[in-house]
Amino acid sequence: MEKFIVEGPTKLIGHLMVAGAKNVALKALVASLLTDDTVIIQNVPDIRDVHLMVEVLEHLGKRCDVKKDVITIQNNAPHTCTVPLEVGARLRASSMVLGPLLSRYGKAIIPNPGGCRIGARPIDRHIDGLIAMGATISYASNDGYFHADAKNLHGAEISFEKNTHTGTETLLLAAILAKGTTILHNAAEEIEVDDLISLLNQMGAQIERKGKREIVIEGVEKIHGTTFTIMPDRNEEVTFAVAAIASKGNITVHHSRREYLSAFLDVLEKVGGGFEVIDDDTTRYYYKGPLVATDIVTAIYPGFMTDWQAPWALLMTQAKGESVVHETVFENRFTYVEELKKMGAQILYFDPDVSRPEEYYNFNWKDRPLGTHQAIRIQGPTNLHNAVLSVNDLRAGATLLLAAIIGSGKSYLYGIEQIDRGYEHIEKRLNEIGSHIERVTEDALS
Ligand code: EPZ
């Protein structure tokens, strides 16, 4: 087990390069299953979830050569259609191999990706779509696997009941080699979906975004290999922007994509956070004076992203006044709140008055466990102090790491493998611009 020991407070001042987008890299790897040709993906982040997806592909018969940020995927052994429980259950996105396996081989056996620490996260919307395309899918609770078959996966017209980012992508991946035309209504518009569509069309797929939230896919006989560079990670950039301002520092972010961050930049300006356009893909984020509180509500694209709300909440602990964070996408995404309160943050949970919550929230209302809340009220500014912190999910982990950097004293973070899932070499990169983070390996018994 590893932990971080963090000495604060420190200012973060310097330059950071945003790595490739985790939420494109994982799907680009899955896309390689659609062809026997070589696929080369560039700008891949060196993160745990990518390593896990590589393991999944190797179980399915591919060979992945990783050289720095380039992964070359080739056929290696006869394909299989089963994702082993041990690796599949640790990587929710591994369920997306359903699409390529069903369309190419008519069979897939995958572990139930199920709940993680930010909610139930079922894949009912994915499965409903695949069934509409002719798949039969059953869940065997005695073995924890979904068993899927599709003698003849065919095109279908599918309307998602609610937005699903990876659900849209799973059906895209299924429809490419399916017979006939597939039309997805109420399809996700997250920009990472478009990056995946660019890759797939470069491989010979025929995918087009038609009207609002509508994607049309013409099935083709086969697709070919390619070399593709994935986009930078929006969530990393927002994390770094918060790091600069919360630490009263100044970080120049390279590979910046401001055009995908407007919902964040609008509220950042509103609260008095500084950012300066250096050039097309460079933005300097800096502390320019006391912050004032404001309210945010998370939303699907192009709204304020749910992955940004945890770091944002930390920033609001440093803002004068009362701010509200209302989470509408996941039903349990405040796992960091109790940890911030250990550091002195003044945060109360509440449930906003929403007339039709079963429609308003993006998660399935029935999945909501008792006792969870959808909003928090933060009083600021508060001087945070050190604490022993436990990390429960990826963005919460990044948030607690930043809190330890700006808090006074020595903090201890446990469960940091969650941070490694989505942020490459995070302590190395932040220590180069002023933090004092030490990664310590603990033997199991201590
Ligand atoms: C993707 O998750 C991202 N993960 C998430 O990033 C991101 O927060 C999310 O999209 C929203 O943009 C990857 O791309 C690997 P959803 P996904 O399907 O696809 C519920 C990060 O930190 N739902 O849009 O799982 C679901 O439980 C991660 O990088 C169903 O109920 O999100 C959630 O509450 C976290 N049934 C909501 O809908 C379904 O079949 C949105 O889910 C599908 C989803």
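The values are calculated or read from the model by the stated rules, or taken from the named source; none is laboratory data. Keep in mind that what you see is a predicted model, and the values were worked out from it rather than measured. Glycine also receives a Cβ, built like all others from the backbone with ideal geometry; neighbour counts cover every protein chain displayed. The accessibility values were calculated without ligands, DNA or RNA, using every heavy atom of the protein model including side chains. Shrake-Rupley method; radii C 1.70, N 1.55, O 1.52, S 1.80 Å.
Using only the Cα atoms of region 22-229, build the gyration tensor, take square roots of its eigenvalues as a ≥ b ≥ c, and label the shape rounded, prolate or oblate: rounded if a/c is under 1.5, else prolate if a/b is larger than b/c, else oblate.
Since a/c stays below 1.5, the shape of region 22-229 is classed as rounded.
Mind checking which of Gly180, Gln206, His126 is farthest towards the positive end of region 22-229's charge dipole, using Cβ charges of +1 (Lys, Arg) and -1 (Asp, Glu) about the Cα centre?
His126
Run the dipole for region 211-290 about the Cα centre, Lys and Arg Cβ at +1, Asp and Glu Cβ at -1, nothing else charged, and hand back the magnitude in debye, nearest 20. Mind showing how you got there, number by number?
Details: 10 positive and 13 negative charges, 70 e Å.
Magnitude of the dipole: close to 340 debye.
Give the whole-number value, in cubic angstrom per residue, of the convex hull volume spanned by the C-alpha atoms of the chain.
Measuring per residue, one finds 143 Å³ for the Cα hull of the chain.
Under 17 Å between alpha carbons, and skipping anything fewer than 8 positions from Lys366 in its own chain: which aspartates and glutamates qualify?
Asp124, Glu161, Glu327, Glu331, Asp351, Glu358
Using a 1.4 Å probe, what is the accessible area per residue for region 254-358, in Å²?
For region 254-358, the solvent-accessible area averages 41 Å² per residue.
Report, in debye and to the nearest 20, how large the dipole of region 22-229 comes out about its Cα centre when Lys and Arg carry +1 and Asp and Glu carry -1 on their Cβ. All intermediate terms of the calculation are to be shown ahead of the outcome.
Details: 22 positive and 25 negative charges, 37 e Å.
The calculation lands at about 180 debye.
Give the separation of the Cα centroids, region 240-283 to region 335-374, in Å.
Each part's Cα centre sits 27 Å from the other's.
Can you pull the percent of region 236-374's accessible area that's carbon plus sulfur, 1.4 Å probe, other chains left in place? Walk me through the numbers before you get to the answer.
Details: 2860 of 5540 Å².
Taking all protein chains in place, region 236-374 shows 52 percent carbon and sulfur surface.
Hey, if you drop one equal point scatterer on each alpha-carbon of region 170-258 and run the Debye formula without solvent, what base-10 log of I(q)/I(0) do you get at q = 0.11, 0.22 Å⁻¹?
Summing over Cα pairs of region 170-258 leads to -0.44, -1.02.
Using a 1.4 Å probe on the protein chains only, how many percent of the accessible area of region 133-179 belongs to carbon and sulfur?
50
So, with +1 on the Cβ of K and R and -1 on the Cβ of D and E, and no other charges, what is the size of the charge dipole of the chain about its Cα centre, to the nearest 20 debye? Intermediate results must be reported in sequence, preceding the final value.
Working: 45 positive and 58 negative charges, 66 e Å.
My answer is approximately 320 debye.
Over the chain, what is the percentage of antiparallel beta bridges among all DSSP beta bridges, to the nearest 5? Intermediate results must be reported in sequence, preceding the final value.
On the way: 64 of 87 bridges.
Bridges in the chain that DSSP calls antiparallel: roughly 75 percent.
Rolling a 1.4 angstrom probe over the protein heavy atoms, how many square angstrom per residue are accessible across region 22-229?
Values: 7890 Å² over 208 residues.
On a per-residue basis, region 22-229 sits at 38 Å².
State whether region 24-102 is rounded, prolate or oblate according to the following rule on the C-alpha gyration tensor (a ≥ b ≥ c being the square roots of its eigenvalues): a/c under 1.5 gives rounded; otherwise a/b larger than b/c gives prolate, and the remaining case gives oblate. Could the numbers behind the result be given before it?
Values: a/c = 1.60, a/b = 1.14, b/c = 1.40.
The shape class here is oblate.
Sum -39500 (n - 2.57) across every DSSP H segment of at least 4 residues in the chain, then divide by the residue count to get the 222 nm mean residue ellipticity, nearest 500.
-8000 deg cm²/dmol
So, with a 1.4 angstrom probe, what is the percent of accessible area on region 3-47 that is carbon and sulfur? Present the calculation step by step, with values, prior to reporting the outcome.
On the way: 670 of 1250 Å².
Of all accessible area on region 3-47, carbon and sulfur atoms account for 54 percent.
Would you mind giving the average projected area, over all directions, of the Cα convex hull of region 338-446 in nm² with one decimal?
So the mean shadow area of the Cα hull is 9.3 nm².
So if I average 1/r over every pair of distinct C-alpha atoms in region 147-210 and take the inverse, what Kirkwood radius in Å does that give?
It is 12.3 Å.
Which of Gly380, His326, Phe363 sits closest to the plus end of the dipole of the chain, meaning its Cα is farthest towards the positive end, when Lys and Arg get +1 and Asp and Glu get -1 on the C-beta?
Sorting the options by dipole projection puts first Gly380.
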